[in-house]
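Asks: Provided herewith is a single structure, encoded as structure tokens, for subsequent inquiry.
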Amino acid sequence: MDILIHPSYFPSISHFVAMIQADKITFEMEDNFQKQTNRNRMYIYGANGIEEQLKQGKTVVSDRYFFSSLAYQSVSCGKELPRLLNSPFPLPEYLFYFKIDPEISLKRVDTRNGKKEIYEKIDIQKKIAKLYDEVIEEYQQKSQENEMKIITIDASKSIDQVFAEIKKHLN
């Protein structure tokens, strides 16, 4: 059997079983997957997911959440579908929006000396930055209703300065 595998973080066991049983594996390199994946549903709603951790009174920190999906996925399929797919996810108490000019961001990426991801192109990053701004503005209007605190951080600053800004808001 031939299979097409989409890249994923912490794939399920069935993912590995399919790979072991396959005669030929093709990895999708230009993947524009929708965020309504099994991995994301389990991450949020599974036995050890966000919802369960919050019920236990634990603090959950996520480096990406559905706001990222709303910006990135809107580039390729418009705004409506990503909003629909991500609508059931709970809002965070704090949302740190790390705002940075795409030119500065890509200069930092270039210093990594690694292969760039499919989205790490200036024209795409400019579109995504604009979409992020729109998403943040939309949720700032909603944040008064749902008690989510949106904090915009100037990510063009040094790591130490950005960290100090985060700490200031969490203390």
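Asks: Order Thr111, Thr59, Thr152, most accessible first, counting only protein heavy atoms with a 1.4 angstrom probe.
Replies: These residues rank, largest area first, as Thr59, Thr111, Thr152.
Asks: Right, here's the next one. Across every pair of different alpha-carbon atoms, what Kirkwood hydrodynamic radius in Å does segment 52-105 reach? If you can, show how the numbers build up before the last one.
Replies: Working: mean 1/r = 0.0760 Å⁻¹.
Over segment 52-105, the inverse of the mean reciprocal pair distance is 13.2 Å.
Asks: How would Lys55, Lys99 line up by accessible area, probe 1.4 Å, largest first?
Replies: Reading off the accessible areas and sorting them downward yields Lys55, Lys99.
Asks: Two-decimal Rg/Rh of segment 56-171 from alpha-carbon positions, Kirkwood Rh? Please report the intermediate quantities before stating the final value.
Replies: Values: Rg = 15.2 Å, Rh = 15.6 Å.
Taking Rg over the Kirkwood Rh, I get 0.97.
Asks: Further question on the same structure: Name the lysines eligible as straight-distance cross-link partners of Lys142: C-alpha to C-alpha under 27 Å, and not fewer than 8 places from it in the same chain.
Replies: Lys35, Lys55, Lys58, Lys79, Lys99, Lys126, Lys127, Lys130, Lys167, Lys168
Asks: Then there is this: To the nearest 10 square angstrom, what accessible area does Val75 show with a 1.4 Å probe?
Replies: 50
Asks: Rg/Rh for segment 95-158 to two decimals, with Rh computed the Kirkwood way over all alpha-carbon pairs. Spell out each step's value before the answer.
Replies: On the way: Rg = 13.9 Å, Rh = 13.1 Å.
The Rg/Rh ratio comes out at 1.06.
The values are calculated or read from the model by the stated rules, or taken from the named source; none is laboratory data. Remember, predicted model here, so these are calculated numbers, not experimental data. Please note that ligands, DNA and RNA were not included when accessible areas were found on the heavy atoms of the full protein model with its side chains. Shrake-Rupley method; radii C 1.70, N 1.55, O 1.52, S 1.80 Å.
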